[in-house]
Amino acid sequence: MKALILSAFLIFTSTVPWLTDFEKAQVDARTQQKLILLNFSGSDWCAPCILMKREVFEKEVFQNYASENLVLVRADFPRNKKNQLDAAQKAHNEKLAERYNPQGKFPLTLLLDAEGNVIKSWDGYQKETSEEFVGMLQKALVKK
């Protein structure tokens, strides 16, 4: 009985994972026939990034939509010494930034196809709700 309750708890509290490897995300997007949502974040210094993560990406509405439609990728650029990424991940994120975020905007969120072509981008966080952001994703797909 305890195992059943624990399993149910894990199902309802699970979140869609954010990948850090863009190439793996592309493979997953192709095989699962999903799009990629790439988010550039400064997880320990960018207040709008932190708010967007908490108010949009961690909410159940977004998580449900993402599990069905998206492969999530986060390119994080922390500043605090204790949060620094290893050299390989830092180089990977910088390569992504050269291609998709040369102006260094934070947060910057892009909807991409599996080949890495930009469908839509969102610069900053305008305090939209999770529901509103999912609506913007859906609208971007209609225009595609």
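Results, tabulated for the structure shown:
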| quantity | calculated |
| --- | --- |
| Meets criteria (among the aliphatic types (A, V, I, L, M), over 21 Å from Val142 (Cα atoms) and touching a helix residue (DSSP H, G or I) at 6+ places or on another chain (Cβ under 8 Å)) for Val61 | no |
| Residue check, Ala140 surrounded by fewer than 19 Cβ atoms within 10 Å (Cβ to Cβ) and at pLDDT below 95 | yes |
| Flag if Pro17 is in contact with a Cys (Cβ under 6 Å, 6 or more places away or on another chain) and within 19 Å of Leu137 (Cα to Cα) | no |
| Close pairs from region 113-133: first of a type outside the set (Val, Ile, Thr), partner at pLDDT below 95, Cβ under 6 Å, at least 6 apart | Lys120/Ala140 |
| Residue match in region 22-36 (condition: among the aromatic types (Phe, Trp, Tyr), at pLDDT 95 or above and on the phi < 0 side of the Ramachandran plot) | yes |
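The values are calculated or read from the model by the stated rules, or taken from the named source; none is laboratory data. For clarity, every value in this text was computed on a predicted model and none was experimentally measured. Quick reminder, even Gly has a Cβ in these numbers, built from the backbone with ideal geometry, and neighbours come from all protein chains shown.
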